[in-house]
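Take a look at the structure below.
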């Protein structure tokens with residue numbers, strides 16, 4: 001693979017389904033979405049039916065706790081081999097792909113490309129060209145590592161960000177790519193918009209565009225340049241890194257195997273279609289029998305919340321009449337938290353920076369002490385619906401997240417707490433469409 005060396009980039013051998021395959025059934029949303037809603041994935045399975053689909057090549061995380069992960073991963077790897085050997089894919093095309101995604105009345109632009117995992121390190125991000133925006137949770141890696149280890153294919157949902165306030169890179173790539181017809185153009189299932197992609201196989205042109213941009217827009221931490229921030233898929237990229245490290249140790253004489261690279265989409269942090277959304281939390285009891293010495297979740301919500309946030313500079317806490325009112329007020333300030341359970345509570349804090357940075361460590365300690373489970377949910381309405389459907393669940397609404405200054409913050413202080421933000425709502429997440437050989 002020909003690396004665009006100084007930027008840790010490479011043009012992939014893109015695999016797309018044959019032209020007679022229904023792309024609306026092929027393309028499936030990222031595996032880390034709808035983690036509390038099996039109905040979404042059951043409906044996706046119904047829609048796909050017997051058609052070839054990326055749904056058969058991924059491990060939706062909603063099924064992680066079912067106890068059959070090993071069997072599911074084995075089936076995924078078998079499906080990958082069957083698709084490769086069964087003529088599901090058109091001949092490979094060595095090219096990057098300029099992508100446009102239209103959803104929720106917004107258009108988002110990106111470049112599908114490979115990155116060199118030697119230029120990324122989640123354990124020591126301060127030394128890497130490609131840096132994590134959020135902390136990596138080691139417990140979330142094993143299932144993803146197992147799914148990637150030995151897989152014949154990879155399909156990308158990782159998003160990298162560039163700090164391009166002047167919007168110079170993607171328009172230049174768009175102009176060159178659209179000189180030819182689109183590689184694909186399809187609606188996406190469940191009213192998730194439309195996606196189209198154009199081949200961009202002039203590697204020298206791509207390198208020149210990035211070189212010109214990084215002359216003016218490279219963040220530095222000491223002597224180490226910082227070129228890309230991981231906007232989505234932190235844990236998937238960390239897993240790819242771990243699989244590469246395993247492979248490298250077992251095959252020390254192989255210079256540039258395919259597994260050294262990961263396919264991603266590069267987007268502009270300041271693209272009008274790149275909307276940063278908070279990622280909310282759902283909390284519930286793991287095991288009621290173990291709660292005899294601790295307050296259960298059916299005690300008054302205010303009591304639990306006051307204990308949870310007691311170390312924070314709380315200015316005010318008040319009950320609201322409805323979750324609708326809570327959601328409206330939460331969207332108006334960066335210094336609030338909202339709680340939904342047997343009450344709707346709005347908390348206001350002193351303005352001292354990111355609320356999530358101070359709140360998440362407290363939640364971690366509290367959840368361990370109380371034997372609570374925590375999950376991360378996209379969309380405030382989804383959180384409120386889950387708490388209404390499950391009386392023993394508490395929803396935690398996080399405030400809006402500003403993207404201004406993200407690169408500067410990462411460069412100075414390192415990654416933010418895990419699940420600090422999301423790029424768009426759940427329906428806006430990247431859909432698996434392009435594929436690439438990973439292991440022969």
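The values are calculated or read from the model by the stated rules, or taken from the named source; none is laboratory data. Please read all numbers here as calculations on a predicted model, not as lab measurements. For neighbour counting, all protein chains shown are included, and Cβ atoms are generated from backbone atoms with ideal geometry for every residue, glycine included.
On the phi > 0 side of the Ramachandran plot and surrounded by fewer than 16 Cβ atoms within 10 Å (Cβ to Cβ): which single residue out of 45, 105, 81, 94 fits that description?
Being on the phi > 0 side of the Ramachandran plot and surrounded by fewer than 16 Cβ atoms within 10 Å (Cβ to Cβ) holds for just one of 45, 105, 81, 94, which is 105.
Quick one: residue 98 ticks every box in (1) farther than 30 Å from residue 206 by Cβ; (2) part of a strand (DSSP E or B) except a single one, so which number is it?
Result: residue 98 fails condition (1) only.
All but one of (1) in a helix (DSSP H, G or I); (2) surrounded by fewer than 20 Cβ atoms within 10 Å (Cβ to Cβ) hold for residue 21; which doesn't?
Evaluating residue 21 over (1) in a helix (DSSP H, G or I); (2) surrounded by fewer than 20 Cβ atoms within 10 Å (Cβ to Cβ) leaves (1) as the failure.
Give just the number: which of (1) part of a loop (DSSP other than H, G, I, E, B); (2) modelled with pLDDT under 90; (3) farther than 14 Å from residue 117 by Cβ; (4) in contact with a strand residue (DSSP E or B) (Cβ under 9 Å, 6 or more places away or on another chain) does residue 271 not satisfy?
(2)
Just checking, does region 186-195 include any residue being crowded, with 16+ Cβ neighbours inside 10 Å, in contact with a helix residue (DSSP H, G or I) (Cβ under 6 Å, 6 or more places away or on another chain) and part of a strand (DSSP E or B)?
Yes, because at least one residue in region 186-195 is crowded, with 16+ Cβ neighbours inside 10 Å, in contact with a helix residue (DSSP H, G or I) (Cβ under 6 Å, 6 or more places away or on another chain) and part of a strand (DSSP E or B).
Within region 393-428, how many residues turn out to be modelled with pLDDT of 90 or more and under 25 Å from residue 103 (Cα atoms)?
Total satisfying the criteria: 3.
Pick out the one residue from 363, 314 that is touching a residue at least 12 places away in the same chain (Cβ under 8 Å), surrounded by 14 or more Cβ atoms within 10 Å (Cβ to Cβ) and more than 29 Å from residue 140 (Cα to Cα).
314
Hey, any hits in region 225-239 for a residue that's within 28 Å of residue 171 (Cα to Cα), in the same structural domain as residue 168 (by TED's automatic domain parsing), free of Cβ contacts under 8 Å to residues at least 40 places away in the same chain and surrounded by fewer than 16 Cβ atoms within 10 Å (Cβ to Cβ)?
no
Does residue 201 satisfy the condition of being under 24 Å from residue 234 (Cβ atoms), in contact with a strand residue (DSSP E or B) (Cβ under 8 Å, 6 or more places away or on another chain), surrounded by fewer than 21 Cβ atoms within 10 Å (Cβ to Cβ) and at pLDDT below 95?
So residue 201 does not fit the description; no.
State all residues of region 115-150 that are part of a loop (DSSP other than H, G, I, E, B) and closer than 11 Å to residue 240 by Cα; if no residue qualifies, say none.
Once the filter is applied, which keeps residues that are part of a loop (DSSP other than H, G, I, E, B) and closer than 11 Å to residue 240 by Cα, region 115-150 yields 121, 122, 141, 149.
Every residue, every condition in (1) assigned by TED's automatic domain parsing to the domain that holds residue 233; (2) out of contact with any strand residue (DSSP E or B) (no Cβ under 9 Å at 6 or more places or on another chain); (3) modelled with pLDDT of 90 or more, yes or no:
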| position | (1), (2), (3) |
| --- | --- |
| 350 | no, no, no |
| 363 | no, no, yes |
| 368 | no, yes, no |
| 378 | no, no, no |
| 381 | no, yes, yes |
| 386 | no, no, yes |
| 391 | no, yes, no |
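Any residue that is assigned to a helix (DSSP H, G or I), in contact (Cβ under 8 Å) with a residue 12 or more places away in the chain and under 21 Å from the mean Cα position of the chain (by Cα) - is there at least one of those in region 42-54?
yes
Determine, yes or no, whether residue 283 is within 27 Å of the chain's Cα centre (by Cα), surrounded by 13 or more Cβ atoms within 10 Å (Cβ to Cβ) and either modelled with pLDDT under 90 or in a strand (DSSP E or B) (or both).
The answer is yes for residue 283.
Out of curiosity, is residue 312 under 14 Å from residue 400 (Cα atoms) and touching a strand residue (DSSP E or B) at 6+ places or on another chain (Cβ under 8 Å)?
no
Of all residues in region 408-419, how many are in a loop (DSSP other than H, G, I, E, B) and crowded, with 20+ Cβ neighbours inside 10 Å?
Selection size over region 408-419: 2.
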